[in-house]
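Here the structure is laid out as structure tokens; the discussion comes afterwards.
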Amino acid sequence: MAKITYIEHNGTEHVVDVAKGLTVMEGARDNGIPGIDADCGGACACSTCHAYIHPDWVGKLPAKEAMEEDMLDFAYATDPARSRLTCQIKVTDDLDGLIVQMPEKQI
Ligand code: FES
């Protein structure tokens, strides 16, 4: 279980407990948090689960796989240093305290 803070583009914060084994995207979806659309359901095929990782956390996440890197090219207003596809980040106990911020919109 990890406590994850999702911050909407307008600054609204949602702090939720997300079970180990789910993805960061599923944590938002299952808690009805707006701003992460996840149109493809987590298959790394849509880029609408894009979010910015808090700078303190960027280096603590597993590296991007090539497929995520390619798909991020289609996301809206990416930041090369902080953008990730949240369906590609598995929740572990180590992610307790993670903070992600949603973009102004998904594509
Ligand atoms: Fe489609 Fe993440 S949910 S790429």
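Assigning unit charges at the beta carbon (Lys, Arg +1; Asp, Glu -1) and nothing else, what dipole magnitude in debye, to the nearest 20, does the chain show about its Cα centre? Walk me through the intermediate numbers first.
Working: 9 positive and 18 negative charges, 21 e Å.
It comes to approximately 100 debye.
Just order 59-71, 14-26, 83-95 by mean Cβ neighbour count inside 10 Å, highest at the front, would you? Walk me through the numbers on the way to the answer.
On the way: 59-71: 12.8, 14-26: 17.0, 83-95: 20.1.
Result, highest mean first: 83-95, 14-26, 59-71.
Once you have the alpha carbon radius of gyration of the chain, what is it after dividing by 2.2 N^0.38 Å, with N set to its residue count? Kindly include the intermediate steps, with their values, before the conclusion.
Details: Rg = 12.1 Å, N = 107, 2.2 N^0.38 = 13.0 Å.
My calculation over the Cα atoms of the chain gives 0.93.
Is the shape of region 1-54 rounded, prolate or oblate, going by the alpha carbon gyration tensor and its root eigenvalues a ≥ b ≥ c, with a/c under 1.5 for rounded and a/b larger than b/c for prolate?
Taking the square roots of the gyration eigenvalues as a ≥ b ≥ c, region 1-54 is oblate.
What does the helix-only formula give at 222 nm for the chain: each DSSP H stretch with n ≥ 4 adding -39500 (n - 2.57), the total divided by the residues, and the result rounded to the nearest 500 deg cm²/dmol? Don't jump to the answer; show the numbers that get you there.
On the way: 3 runs with 18 residues, N = 107.
Using -39500 (n - 2.57) per qualifying helix, the result is -4000 deg cm²/dmol.
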Pairwise label distance in nanometres, D94 with A43, each label 7 Å out on the Cα-Cβ vector: 2.9
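Under the definition of Cα pairs under 8 Å and six or more residues apart, what whole-number percent is the relative contact order of the chain? Could the numbers behind the result be given before it?
Values: 224 pairs, mean separation 45.0, N = 107.
Relative contact order of the chain: 42 percent.
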Please report how far the C-alpha centroid of region 12-29 lies from that of region 50-77, rounded to the nearest whole angstrom. 16
Within straight cross-link reach of K3, meaning Cα distance under 13 Å, which aspartates and glutamates are found once same-chain residues fewer than 8 apart are removed? E13, D17, D93, D94, D96
Compute the label zone of E13 within region 87-107: residues whose backbone N is under 15 Å from the point 7 Å along Cα-to-Cβ. 97-102
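Since every read-out is calculated from the coordinates, none of them should be taken as a lab result. Model, not experiment: these values are computed from the prediction. Cβ sites come from the backbone with ideal geometry, for glycine too, and all protein chains shown count toward neighbours.
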